[in-house]
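Below you'll find the structure, written out as structure tokens, and then a few comments.
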Amino acid sequence: MSRLKNIAEHGQSIWLDYIRRDFVDGRGLQKLITDDGLQGLTSNPAIFEKAIAGSTLYDATIHAHVRAGQRDPEQLVELLAVEDIRMAADVFWPTYQTTQGVDGYVSLEVSPRLASNSARSLEEGRRLWRTVGRPNLMIKVPGTPEGVPVVRALIAEGINVNVTLLFSRAAYGAVAEAYLQGLEDRVAKGEAIDKIASVASFFVSRIDTAMDAQLAAKGDEAAVLAGRIAIANAKLAYQDFLTVHASARWQALAARGAQPQRLLWASTGVKNPALRDTLYIEQLIGPATVNTVPPATLDAFRDHGEAQRTLDAEVPTALAVMAAVDKLGLPFAAVTDQLVADGVQLFVDAWDKLLAAVAAKRDALEAADVDDQ
């Protein structure tokens, strides 16, 4: 049995943080589902930028759309992305049915340019949901203050949501509250809540990358915390998850068939070569969670990963780590706030780079048509 399949025995689903057309419409994606028990897929603007701008796989489709009269780079990008997302959702449809809507989801992000605009993000989320037209789609919305009301509204309308760019427990708490409110809004309208799914994407490795730089300035006393803060933060966020789902408020929703909004561990590729390359999988395995994994980390775990229930172990140690962060005067809250802003900007940059690349491809294809004529 694949080592990755062993993770499912502990209640965690493995999703893949990657998409590319030849991988989806070839045998690559289906092979991971069959061999490794893969149960979902996430995408983001940076992943699409690498897939579309970094290959010729999409050129023929771009050419066809341009010949049909579509020249707007943003519209061309959406057409390409929606085609890939639909294909991936169809590949995962049996998983969605088998798990009764717990897994089998594919995520598509609202334009990162709208991250600070709640009204337009909500409008875009609704439109993308209708455009893709797949029940196993999740609309990705950043967990910013502007994104939180969007989460509540989309859930209230029965739209699945992947809340992304969560770095702090406070931000997760606001998102968990928005999910509960969205479900309660539906109940108040007499609408069903048993077909709605959501994940809260809590980022991991970027925290250690940022905090290790802070630790380096504090000397030997702080060095023992290197590579430990992100996992401690995530473990305590899971304790927050357990508290929410032990409440009478949640139990009332669960009695109506509501699914928990699972914590999803994101940014789980290890960036520090001094750390074990499977660290952010192995230390965060536990029930009712998801880990969305980049391809290289997936391969590493398949080769030498160890699947044990670790997420709710050593909670006192996690508390001690975060207490040490406070004692040293490290600016953890400021760092996580900056990581959110940086995350949004990285996606905006990837989006802009993608639009420029598609525009260049469009112009080159049009020029080739003129030359042929």
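Can you tell me which lysines have their Cα less than 19 Å from the Cα of residue 31? Leave out same-chain residues fewer than eight positions away. Counting by Cα, and skipping residues close in sequence, residue 31 has these lysines nearby: 5.
What trypsin sites (Lys or Arg not before Pro) in segment 1-106 are in a loop by DSSP, with at most 11 other Cβ atoms within 10 Å of the Cβ?
Hits after loop and neighbour filter: 27.
For residue 246 and residue 188, the FRET efficiency from 1/(1 + (r/R0)^6), where r spans their Cβ atoms and R0 equals 22 Å, is about 0.40. Within segment 214-237, what residues put their amide N at less than 12 Å from the label point 7 Å along the Cα-to-Cβ vector of residue 334? Zone members listed by number: 214. Taking 7 Å steps out from each Cα toward its Cβ at residue 312 and residue 72 produces label points 4.9 nm apart. With respect to the chain, whose longest principal axis is taken over its alpha-carbon atoms, helix 73-91 is tilted by about 60°.
A Förster radius of 45 Å combined with the Cβ-Cβ distance from residue 276 to residue 130 puts the calculated FRET efficiency at roughly 0.55.
Extension gain, residue 217 to residue 356, is 46.1 nm, computed as 0.36 nm per intervening residue step minus the present C-alpha separation.
Over segment 3-372, Cα pairs under 8 Å with separation of 6+ residues give a relative contact order of 22 percent. Taking 29 Å as the limit for the C-alpha separation, the pairs 189/235; 271/353; 140/218; 140/235 exceed it in the case of 189/235; 140/218. Where does helix 169-188 land angle-wise versus the long Cα axis of the chain, in degrees 0 to 90, nearest 10? Roughly 70 degrees, rounded to the nearest 10. Our estimate of slack between residue 255 and residue 100, defined as 0.36 nm per intervening residue step minus the Cα-Cα distance, is 54.2 nm.
Residues considered: 188, 51, 313. Largest GNM mean-square fluctuation over the chain, using C-alpha springs under 10 Å, is found at 188.
Taking Cα atoms only, the orientation of helix 205-216 departs from the longest principal axis of the chain by about 50 degrees. Stretching the chain fully between residue 64 and residue 341 yields a gain of 96.0 nm (0.36 nm per residue, less the alpha carbon separation).
Computed from the coordinates by the stated procedures, all read-outs in this text should not be read as laboratory data. This structure is a prediction, so every number in the text was calculated from the model and none was measured. Cβ: placed from backbone, ideal geometry, glycine included. Neighbour counts: every protein chain shown.
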